[in-house]
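Beneath this line is the structure, given in structure tokens, with notes to follow.
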Amino acid sequence: MSGGAVAREALARDAAILDAVLTDCIPQPDPRAGGLADAMQHSLIGGKRLRGVLVMRSAAAFGLDPRRVIPAACAFEMLHAATLVHDDLPCIDDSDLRRGRPSCHMAFDEHTALLSADALIIASFGQLATLGPAGGPERALRVIAEFAEYTGAAGLIGGEQADIIGEELPPDLELLRYIHENKTAKLICAACRAGAILAGATELEIATISDYGMSLGLLFQVTDDILDVVGDEEILGKPTGADADAGKQTYPDVIGLEGARDEARKLAAHAVQIAAELPGEVEFFQSMAELVVIRDR
């Protein structure tokens, strides 16, 4: 076991690659659109690049040069950044900080933040549309279709809506799992699937990495719940205690802090076990689960 060291090194290396190209993915609107492009750029600064790196590492696991899937990796990072902008708006979570910097609506204004996030989502599909040479048109189209499915009303956005509705409801473990699976885990799972699909993995292999991705995604959100209770705001780069203040459905709220920690350990162990079945990058995927379960940000 690496204690997360292998994943930490890979994240740093691949994140630097993505950081170098993400700026070029932002469309440059007419100057009459004001600070739209600047707001898009603001929202892309910082972050772990977990989802983009998972696209690259998944492609590598199934034999495809990860550099060929960089547009897909950027697409996942752009959409993820857009969801954070939306989350931070006063009408949703009303957060002034993100990644240790002013939230987009604080750095600009609410309408610019909202529209810049919308523009990032649309631009993410534009990035996916350039994927044909990576694995062929049919694979690219499948990735685009899954990207829409996993992030739309039947996925991430549906989970976000349930998360907001859940603030007015009593603690409910079944609802909580639905929220976490859709709000967080499906995007991480889709990133793993995208790399595998573009690399030409078999359906059985795609199912295996999907199982891994869902476990890792749930683990990420459970640890996020825990950090909102016990984390350090300066390290996290965002306020703590916000979930409890909003009455959100979280694992510490529903099953207690120790129950949440036990759930995180179980999810990490399952992810490590599933990763052992992958044809390549096994150590990275196992190390990633180990890193997420001990993360402090």
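The numbers here are math on the coordinates, done by the rules we state, and not lab data. Keep in mind that what you see is a predicted model, and the values were worked out from it rather than measured. No Cβ is skipped: glycine too gets one built from the backbone with ideal geometry, and neighbour counts run over all protein chains shown.
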Could you check the simple spin-label distance between ASP232 and VAL21, using points 7 Å along Cα→Cβ, in nm with one decimal? 3.4 nm
Anything in the chain that counts as a DSSP H helix reaching 30 Å or more along its axis (C-alpha) with Kyte-Doolittle mean of at least -1.0? List them, would you? 203-230
Let me make sure I get this right: for the stretch 18-165, a, b and c are the square roots of the gyration tensor eigenvalues over alpha carbons, sorted descending. Under 1.5 in a/c it's rounded, otherwise prolate if a/b > b/c, else oblate. Which is it? prolate
Given the convex hull of the Cα atoms of the stretch 206-271, what is a quarter of its surface area in nm²? 4.9 nm²
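If each DSSP helix of 4+ residues adds -39,500 (n - 2.57) and the sum is divided by the residues in the chain, what number results at 222 nm, nearest 500 deg cm²/dmol?
Result for the chain: -21500 deg cm²/dmol, rounded to the nearest 500.
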Subtracting the Cα-Cα distance from 0.36 nm times the residue separation, let me have the gained length for ARG265 to ASP109 in nm, one decimal. 52.1 nm
Could you pull out every residue, at least 5 positions away or on a different chain, whose amide H is within less than 5 Å of the one on ARG98? Hs are placed 1.01 Å off N in the peptide plane, and Pro or chain starts have none. SER103
When each of LYS48/LYS248; LYS183/LYS248; LYS238/LYS266; LYS186/LYS238 is checked by Cα-Cα distance, pairs over 21 Å: LYS48/LYS248; LYS238/LYS266; LYS186/LYS238
